[in-house]
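Following: one structure in structure tokens, then a few remarks.
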Amino acid sequence: MTTATLPNGFGPEGIAIDRRGIAYCGGRLTGAIQRIDLATGEGTQLVAGSDAMALGLKVDAYGRLFVAGSEGGDARVVDTRTGELLAAYRLFTAPSTGIVNDLVITREAVYLTDSRHPVLYVLPLGPGGALPAQSQVFTLPLTDFPTSTEGVGINANGIVSTPDGTALLVMHSSSELLYRVDPRTGATSVVDLGGEFPLPGDGLLRIGHTLYVVCNLANEVAVVTLDRTGRTGTVTARITDPSFDVPTTVAAYRGRLYLPNARFALPVEPTTTYDVVSVPIP
């Protein structure tokens, strides 16, 4: 498929794709999750909408979908075959004090960004990817990481691991900078992109040494070639397409990039249309 239709009024944000070629999109207002067969473009509901929210999504090798819960302050784990809620974690207690925005899954842990506070939330994983107990979840403060006035602007946003797996890369949308984060200490440093920056970035996707940065309001995807450690990079291309309508996040499958159009310029109304579009990986 090159385009798949989402339900009217869906308000998409995150996207993840499993090894079977099934894409998952989350609704940022209701937490609904739509499942899309990329071979046919056919969509079905995996999780019904509720009073939850869903921003960043990632699926692991065990068929589990991890969901960042935005201002709800939680992270959820869903079975991609049944839609069953496998686990839920409370990351902060006061509603709307933070924004749990995006996440990355490594062999050791799941790391989630907060767009209002300079922290990462960490879900340690046990042998065989065993999910942690709530008591094992902790907050990792980030040092030298800028924070705009609380409630204004988006700070930490998309997150991926570095090519060598030793650190994390976090998009700081308000400052238009990409940061490298030590997952052991929380120490941060700005990634040197040679004076060029891929515009205010949102979701991130890394394939090998190539980082794809979704620049939502610019309707483009910046392509960055990273060094092994993620300390330096070069913007080598910018992908644009007439089908882009404020895409937010990106996932890949069989040589194509898939992006949900969030259409932020429009209010989320019951009649507002949404879709997922795809472009070839250059």
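The values are calculated or read from the model by the stated rules, or taken from the named source; none is laboratory data. The structure displayed is predicted, hence computed values, not measured ones. Cβ coordinates were reconstructed from backbone atoms using ideal geometry, including for glycine residues, and neighbour counts include every protein chain displayed. Each accessible area value is taken on the protein alone, full model and side chains, heavy atoms only, with ligands, DNA and RNA left out. Shrake-Rupley method; radii C 1.70, N 1.55, O 1.52, S 1.80 Å.
Each residue of the range 123-134 is assigned a 3J(HN,Hα), and the resulting list reads 10, x, 9, x, x, x, x, 4, 6, x, 7, 4 Hz, derived from the Karplus form 6.51 cos²θ - 1.76 cosθ + 1.60 (θ = phi - 60°), x at Gly and Pro. Rounded if a/c is under 1.5, else prolate if a/b is larger than b/c, else oblate: which is the range 130-190, with a ≥ b ≥ c the root eigenvalues of its Cα gyration tensor? Verdict is oblate for the range 130-190. Seen from a random direction on average, the alpha-carbon convex hull of the range 152-282 projects onto 8.7 square nanometres. Taking square-rooted eigenvalues a ≥ b ≥ c of the alpha carbon gyration tensor, is the range 225-273 rounded, prolate or oblate, where a/c under 1.5 means rounded and, failing that, a/b exceeding b/c means prolate? Prolate shape, in that a/c is at least 1.5 and a/b is the bigger ratio. For the chain, the solvent-accessible area with a 1.4 angstrom probe is 41 square angstrom per residue. Its Cα centre serving as origin, the chain has a Cβ charge dipole (Lys and Arg +1, Asp and Glu -1) of approximately 620 debye.
What does the highest-first list of 220-226, 127-133, 18-24 look like by mean Cβ count within 10 Å? Please list the in-between numbers first.
On the way: 220-226: 21.4, 127-133: 11.3, 18-24: 17.9.
For the peptides 220-226, 127-133, 18-24, the packing ranking is 220-226, 18-24, 127-133.
Once percent of Cα pairs over 31 Å apart is worked out from the coordinates, which option in (i) 25; (ii) 54; (iii) 19 does it equal? Of the labelled values, this structure produces (iii). Taking Leu266, Leu217, Leu91 in turn, the Gaussian network model of the chain (Cα-Cα springs below 10 Å) assigns the largest fluctuation to Leu266.
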